[in-house]
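Since the structure comes first, as C-alpha cells, the remarks are kept for the end.
No lab work stands behind these numbers, since they all come straight from the coordinates. Predicted model only: the values in this text are computed from it and were never measured. So basically every Cβ, Gly included, is an ideal-geometry build from the backbone, and we count neighbours across all protein chains shown.
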Number of protein chains: 2
Amino acid sequence: MTSDASLAALNERVAAVNDVLNAVSVLTWDSRTMMPPGGAETRGQQIATLTRVARDLLLAPETERALDEAEKAVEGLAEDSAEQRLVMQTRQAVAHHGRVPASLIQERAALRTVAQAAWIEGRAKSDFSIFSPHLEKTIKLARSYADCIGWSEHPYDAMVSIYEPGETAASLKTLFATLRSGLLPILEAARSRPAPRSDFLFRDFPEEGQRAFGLSMAQKLGYDLRRGRLDTTVHPFEVSFTRNDVRITTRYNRAYLPASIFGTAHETGHGLYEQGVDPAYTRTTLATDLVGLYAVGGTSFGAHESQSRLWENHVVRSRTFWQLHFPELQRHFPEQLGDVDAEAFYRAVTRIEPGFIRVEADELTYDFHIMLRVEIECALMDGSLAVADLPATWNAVIKRDLGLNVPDDAKGVLQDVHWSTGYIGSFPTYTIGNVMAAQIMETLRQDDPSLDRAIEGGEYSGLAEALRTRMWQHGRRFQREELLMRETGRSLDPAPYLSYLKGKYAG
Amino acid sequence: MTSDASLAALNERVAAVNDVLNAVSVLTWDSRTMMPPGGAETRGQQIATLTRVARDLLLAPETERALDEAEKAVEGLAEDSAEQRLVMQTRQAVAHHGRVPASLIQERAALRTVAQAAWIEGRAKSDFSIFSPHLEKTIKLARSYADCIGWSEHPYDAMVSIYEPGETAASLKTLFATLRSGLLPILEAARSRPAPRSDFLFRDFPEEGQRAFGLSMAQKLGYDLRRGRLDTTVHPFEVSFTRNDVRITTRYNRAYLPASIFGTAHETGHGLYEQGVDPAYTRTTLATDLVGLYAVGGTSFGAHESQSRLWENHVVRSRTFWQLHFPELQRHFPEQLGDVDAEAFYRAVTRIEPGFIRVEADELTYDFHIMLRVEIECALMDGSLAVADLPATWNAVIKRDLGLNVPDDAKGVLQDVHWSTGYIGSFPTYTIGNVMAAQIMETLRQDDPSLDRAIEGGEYSGLAEALRTRMWQHGRRFQREELLMRETGRSLDPAPYLSYLKGKYAG
C-alpha cells in the first residue's frame, strides 16, 4: 500500500477504532469462556462503553477531516485498490453511523437486556407470551433503525445490508425459491432410503478424547495454534483480535460425539479465514467491520459462513475424510467405536433426519429452517405478520416443509437467541454461506484437477492456500459479489450447491 | 451516597473511564494467562490505545465542567464523605494528567518496548551493558516525569507519590533506618540457630495437587470463586475488573512446593481486598486509581501489599495454620510428605536463608532487598549514582547486608523487571506492606482478644470481616495514613512489625 501521509493519518484514526473493537471482542470472548458469574453486570457496562467510544472516535470531526484529506490522496488510484477501498469503507461507515442517533442505539441496548432475560424465561417455560411483548418492541426499534439507515423497496433490505451488503428481501426470495424447488426432491429421495445405523454416536465419549481429536483435526486443516486457541463454551463461536490471535470455541457433549467434531471443524473454517487475512490490513478497515462495529476480517457474514461450511461439510463431513481419519478417532475411543468402521461412521454423520432444531439440522433440512426465519423476519418488518401470530405461522411452515408437528414453543419459535438480542436480518447469511461454499469448491476443483487427489491423501494445505490466495488474504477489500465474480466468474449461484447435495445425498 | 444530579453526571464520566481501564486490565490478564504468542504485538497496541482513550476522557472539557458542578454540589458535606472524596480525587487525577504531556507518555511507552527487550537479553546473557543505555534513558524520562508532576525536596518524591502518596525519599530514609537497626539483630539471632530440615520441600509435587490445595486454601481464607478465578502465569498477580470479578494467578514449581502455596496465599490477600470494596463504589474513583490509570480498589500499593502479606505471612506462614491444615496437604502428597509432620513443615517454610533473589527471600531478609533498590533509585534520580556504577553499588550492598558475593548481574542488578518497564518508585510499597500488615494485625488482636482463638480453630471469617469493615470496604476513600490513624490510632509504625518478626524468628 502507498505510504501517503494523509492516508496514514486516516489509518491511524481507524487503527484506534480497530483497537477498541478488538478489545470489545476480547471482553466478549472472556465473558463466554472465562468470566466468573459475578462479573456479568459490569462486563456489560464495559462493553457498552467501549462500543460507544468506538462510535465516537469514528464520528469525531478529526476522522471527517482525515477522510476528506485521504479521499483527495487516493484519487487516481485504481477503484478496487486497497487504498481506495480503505477510504471508501471508512466513509460508508461514518455515513452509516451518522444516520443512526445514539439514543436509538441506547434504546436497543436497553431493550436487549430485558428481552434476553424474558427470552430465557419464556424458553424455559416454553411460553411465547413472556417474550412476545419484547419482540414487538424489538421489531418496532428495528423498523426505526431501518428507516435511519434508509431503504427503498423493503425495510428488511436495510437490516440485511448490515450483515450481507447487496442482498435484499427480493433477492433472497428469488434465491430461496430456487433452493426450495431444488432441495425438495433431494430431500424426498434421501428420506425414502433406509436410515443408517447411528446408535454408536450416542455412547459415552469423555471430553478429553473429543478435545484431543478436535485439536488435532483443526491443526490438520491448517489452524495455527501459535496464533489461536481452542476453548469450551455453551454456544461455540470464533473471534479474532487480529489475524495473529484468532480463537475458536466448541462444546463437548459426552452423549453425542458429532457435536464437537463438526462444531470444531466449523469454527476452524471461520478461524482459517481470519488467520489468512493480509498482514498489511491489520488494524485497518479491511480487517474490521466498521458498519457493524465488529472486528471481523471476512467480507460479509455469508462469505465468512462459506468458509466454515466448506471445511465442516465439504471437507470433514466427507467419506474421504473418515476413510483417512476414522482410525485416529477410534484410537481415542477404542471401546466406544470398536464395532464401527469408517463407512458406517460416515453414513451415520450424514444421515438425514428432519427435526425441530436448526442447530442440529442435517445438510438437507438446514436451509428450510433458515427460509422459515427469513420469511417471518420479512413479514414482521413489513407488518404483514403480527407478533401474536408468529407461533402459528412457524408451526405451519415446519409442518409444510418438514412434515413435523412442533410440540411446544421452546422447540419452535423460541429456540434461537437471535431475536432476543435485536439481531434481525442475519439468518440469511447461513444459507448464503452454504451456497457460496459449494460454488467456490466447484471452481477450485475445475481450476485444479489435482485438488481432490490431495484431499483424499489428507493433504489440506493446497486447499487452504487456494482459499487464502483467492479469498482470505483480501479481508474486506472486495464485496461478496465482486469476490465471487473475480474468483468464480459469476454471481451467487445455487446450482453448484444443489448439485453437491444431490451427489452426496441422492446420488 | 447522595444522588445529586451534578455528582451523578461526574460519576457517569468517571464510570466510562473506569470501564476503559477495567478493559485494559482484562486485556492484560488475558495477555498473561491465555493469549497465544502471536497476539503480543497487536495486544500492546490495543492496550496503548485504551490507555490513551481513558486519559482523553479524563481530560475532556466535559469532565472539567462536570467537576466544577460537582464541586459546588458537595460543598457542605463532610470533608471525608465518599462524595467529597470522589470529587477531590477526580480533581487530583485531572490535575495530575494535565501536567504530563502526551508526548512524554508516548516517549516512555516507546522506550519501554525496547528497554524490556534489552533487559530480557541482558539478563539472559547476564550482561548489564546491554540494558544500561536504556536504563539511562529511563531515568532521564523519569526525571522529566517527576518535574512535570512537581516535587520540592527530592525528585524521587514525585515518583513515589504515584504508588504511595505521602511517602518521600526522606520519610523512607527514616523508616528504613529504624527497620535496619531493628532487623539486623533479629537476623543475626536467627542465623545463629541450626538450619531446619527442608529437603522434602524440593521433592516432586505434581501441579494437580498443588492447584487443588491452593484453591481449597484460598476459599478457606474467604476468596469467593463466584467472583473470581485462579489461573497459571509465569509471574503471579491479582487483578480486578470490579469487585465482582477479581482474578488471581499463581505458578506451580514441581520441584519446590512452597512457591505456589505462599504465592497463592499472597494473591488471595490482594483478591480479598478487591472483593471487599463497597459495592456502591463500583465504577467510581473510589474503586480505580485514576492517577496511575490502573483499576485497583485499594488505597495505595503499600496498603494493598499489607493485605497480601497479612494473609501470606501472618495467617498461612504460621505454626497454627500448618497444625490445622498440614494433614490436608499430606493427603494431596501422601508419598512426598509421608515422613514429615506439621512442625517440621512449619520450620522448613520459615527457615532463614539469605539469598540473591528478592522474590525468593525469607521474611527477615526481604526488606534488605527493598532498601537496596530504594537507595539506588533515589541516587539514580538525584544523579548521585551513575548508571554505570550500579552493579558495583548493588553488589557491595548485598555483601554488606547479607554477606553474599553476587556471582553475576542476572542474579544481581538485572533480576527485577521493574526498571525495564519504567516503574521507578514502586519498590518501597513492598516494605510498607510488611510494616502495615503487622500494625493492623496488632490492633485487631488488641481489639478482639478472641481473634487468635478463632484463627487457631481454622475460622478465618472473623479476621476477614474485621478487615473488610475497617479497610477493604473503604476502597480508595481514605488515604493510607488517614486509614491507619482511624483504625490503629497512629501513623505507619515499624514497631509491631519488628516485634512480630522477633517473636517469630528470634523468640
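A few remarks follow.
- Using the alpha-carbon positions of region A:47-114, Rg (one decimal) and Dmax (whole number) come out as 15.0, 50 Å.
- Based on every Cα atom in region B:364-502, Rg and the maximum pairwise Cα distance Dmax equal 18.9, 55 Å.
- Value of relative contact order over region B:262-363, rounded to a whole percent, pairs C-alpha under 8 Å and six or more apart: 24 percent
- Counting from the shortest, the label point at residue A:202, 7 Å from Cα toward Cβ, is 5.9 nm from the same position in each remaining copy.
- Averaged over the residues of B:26-32, the number of partner chain Cβ atoms lying within 10 Å of the residue Cβ comes to 4.
- Centroid-to-centroid separation of region B:403-457 and region A:147-168 [C-alpha atoms, Å]: 61 Å
- Restricting the calculation to Cα atoms, region B:2-63 shows an Rg/Rh of 1.14 when the hydrodynamic-style radius is the Kirkwood one.
- Checking every one of the GluC sites (Glu not before Pro) in region B:390-464 against DSSP loop status and a limit of 15 other Cβ atoms within 10 Å picks out B:459.
- Cα-Cα over 26 Å, subset of B:411/B:504; B:173/B:502; B:220/B:504: B:411/B:504
- What the phi angles of region B:301-307 give under the Karplus curve with 6.51, -1.76 and 1.60, with θ = phi - 60°, is a coupling list of 4, x, 4, 4, 5, 4, 6 Hz, glycine and proline written as x.
- Here the relative contact order of chain B, from alpha carbon pairs under 8 Å that lie six or more residues apart, stands at 20 percent.
- 5 angstrom amide H check on residue B:404, placed H, neighbours 5+ away: B:399
- Förster radius 22 Å - calculated FRET efficiency between residue A:192 and residue A:357, Cβ distance, rounded to 0.05: 0.40
- Stretch gain in nm, segment residue A:319-residue A:68, where the contour uses 0.36 nm per residue and the Cα spacing is subtracted: 84.9 nm
- Overall shape of region B:441-507 was characterised from the C-alpha gyration tensor. The equivalent ellipsoid obtained from it has semi-axes of 22, 18, 9 Å, in decreasing order.
- Dividing the convex hull volume of the alpha carbon atoms of the protein assembly as shown by its residue count gives 188 Å³ per residue.
- For region B:169-505, the Kirkwood estimate of the hydrodynamic radius, built from every pair of different alpha carbons, is 20.8 Å.
- Low-density loop cleavage sites - trypsin sites (Lys or Arg not before Pro) in region B:194-240, where at most 14 other Cβ are within 10 Å (DSSP): B:197
- FRET efficiency estimate (nearest 0.05) - Cβ-Cβ, residue A:235 to residue A:202, R0 22 angstrom: 0.55
- Each other copy places its own label point for residue A:418 at 5.6 nm from this one, sorted shortest first, where the point lies 7 Å along the Cα-to-beta carbon line.
- Shown in residue order for region B:492-500 are the 3J(HN,Hα) couplings computed by the Karplus curve 6.51 cos²θ - 1.76 cosθ + 1.60 at θ = phi - 60°: 3, 9, x, 4, x, 5, 5, 5, 4 Hz (x for Gly and Pro).
- Mean Cα-pair separation over length for region B:162-304, i.e. relative contact order, pairs under 8 Å, 6 or more apart, %: 24 percent
- Beta bridges by DSSP in the protein assembly as shown, antiparallel share as percent, to the nearest 5: 45 percent
- Normalised per residue, the volume of the convex hull around the Cα set of region A:57-164 (Å³): 136 Å³
- Between region A:19-46 and region A:289-305, the C-alpha centres lie 20 angstrom from each other.
- Taking every DSSP beta bridge that has both ends in chain B, the antiparallel portion is near 45%.
- Qualifying trypsin sites (Lys or Arg not before Pro) in region B:245-276, where qualification requires a DSSP coil assignment and no more than 10 other C-beta atoms within 10 Å, are lacking entirely.
- Amide H within-cut-off set for residue B:294, under 5 Å, with H built and near neighbours excluded: B:289
- Amide H contacts of residue B:231: B:248, B:249, B:250, each under 5 Å away and 5 or more positions distant or on a separate chain (H built 1.01 Å from N in the peptide plane; Pro and chain starts excluded).
- What separates the Cα centres of region B:238-252 and region B:69-101 is a distance of 29 Å.
- Note on residue A:60 and residue B:124: with the Förster distance fixed at 35 Å, the Cβ-Cβ geometry gives a FRET efficiency of about 0.20.
- With θ taken as phi - 60° and the Karplus curve 6.51 cos²θ - 1.76 cosθ + 1.60 applied, the whole-hertz 3J(HN,Hα) list for region B:350-363 is 10, 5, 9, 8, x, x, 7, 9, 4, 5, 9, 6, 7, 5 Hz, x standing for glycine and proline.
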